[in-house]
Amino acid sequence: KQEVTQIPAALSVPEGENLVLNCSFTDSAIYNLQWFRQDPGKGLTSLLLIQSSQREQTSGRLNASLDKSSGRSTLYIAASQPGDSATYLCAVKGGGADGLTFGKGTHLIIQP
Amino acid sequence: SAVISQKPSRDICQRGTSLTIQCQVDSQVTMMFWYRQQPGQSLTLIATANQGSEATYESGFVIDKFPISRPNLTFSTLTVSNMSPEDSSIYLCSVATTDTQYFGPGTRLTVL
């Protein structure tokens, strides 16, 4: 059974810092990996999708990497802003019609 | 992309009653997913719903407790039956287009 772990569980940093969120998964036979952000009272917003054949994806200040063989992904946030405060979730998809297996998330606070 | 709406957005229910949650998507999709997010926990897949066939339930979830309907390619319902306080959670509907998964805003359920 796939298990996804996210470290740290919570992080508070001053505005402007670069930061790294970590995600690990136990079964490397994944189809893709997706990073989401979750804001209180709202649904999930997809940030980046990395296919199993890819090493990284970038969107603006966000960069996600994937090392499938070691079961790891990182989300790099450059020049953090207070608007980046949210819970960041990592999720992996197995093959076929599988849904996603989620980690518990990293609760991020960016201090103004 | 896909825009997903859910009704109700929140509800407070009495023990032993049932609640039906509606999910509407702005485009036709083959598979719809239902997830649960218990307080302080990450998302857990309940079931996958394909139009015209029985939903497929994950381990620990059964049809009698969480019956699902999928009458067409843009709509689905999830019923939480014979509720107990342990069913207090956020319930989220999700669809996949290409490989990206999109989520509705969620239904926050409190069972007293």
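The values are calculated or read from the model by the stated rules, or taken from the named source; none is laboratory data. Quick caveat, the model's predicted, so the values are computed rather than measured. Neighbour counts run over all protein chains shown; Cβ positions are idealised from the backbone, glycine included.
Which condition number in (1) within 28 Å of B:Thr48 (Cα to Cα); (2) in contact (Cβ under 8 Å) with a residue 12 or more places away in the chain; (3) surrounded by 14 or more Cβ atoms within 10 Å (Cβ to Cβ) is the one that A:Gly99 fails?
Of the numbered conditions (1) within 28 Å of B:Thr48 (Cα to Cα); (2) in contact (Cβ under 8 Å) with a residue 12 or more places away in the chain; (3) surrounded by 14 or more Cβ atoms within 10 Å (Cβ to Cβ), the odd one out for A:Gly99 is (2).
Quick one: B:Met32 ticks every box in (1) surrounded by fewer than 13 Cβ atoms within 10 Å (Cβ to Cβ); (2) within 13 Å of another protein chain (Cβ to nearest Cβ); (3) in contact with a Lys or Arg (Cβ under 9 Å, 6 or more places away or on another chain) bar one, so which box is it?
(1)
Identify, please: which residue in the stretch B:91-112 is crowded, with 16+ Cβ neighbours inside 10 Å, modelled with pLDDT of 95 or more and among the β-branched types (Val, Ile, Thr) and is, among those, nearest to B:Val25 (Cα to Cα)?
B:Thr107
Is at least one residue of the stretch A:75-86 crowded, with 21+ Cβ neighbours inside 10 Å and within 11 Å of another protein chain (Cβ to nearest Cβ)?
No: zero hits.
Got a sec? Which of B:Ile46, B:Ile68, B:Ile21, B:Ile12 is out of contact with any helix residue (DSSP H, G or I) (no Cβ under 8 Å at 6 or more places or on another chain) and within 11 Å of another protein chain (Cβ to nearest Cβ)? Before the answer, list the steps.
Details: B:Ile68 fails: within 11 Å of another protein chain (Cβ to nearest Cβ); B:Ile21 fails: within 11 Å of another protein chain (Cβ to nearest Cβ); B:Ile12 fails: within 11 Å of another protein chain (Cβ to nearest Cβ).
From the options B:Ile46, B:Ile68, B:Ile21, B:Ile12, the qualifying one is B:Ile46.
Among the residues of the stretch A:20-32, which ones are modelled with pLDDT under 95 and under 14 Å from the mean Cα position of the chain (by Cα)?
Result: A:Asn32, single match.
In the stretch B:22-42, which residues are under 13 Å from B:Gln101 (Cα atoms) and assigned to a strand (DSSP E or B)? Step through it out loud before you land on a result.
Quick first cut of the stretch B:22-42, residues under 13 Å from B:Gln101 (Cα atoms) only: B:25, B:29-35.
Matches in the stretch B:22-42: B:Val25, B:Met31, B:Met32, B:Phe33, B:Trp34, B:Tyr35.
Taking B:Ser53 and the conditions (1) exposed (fewer than 12 other Cβ atoms within 10 Å of the Cβ); (2) out of contact with any strand residue (DSSP E or B) (no Cβ under 9 Å at 6 or more places or on another chain); (3) farther than 22 Å from A:Gly103 by Cβ; (4) hydroxyl-bearing (Ser, Thr, Tyr), which numbered condition does it fall short on, given that it satisfies the others?
B:Ser53 satisfies every listed condition except (2).
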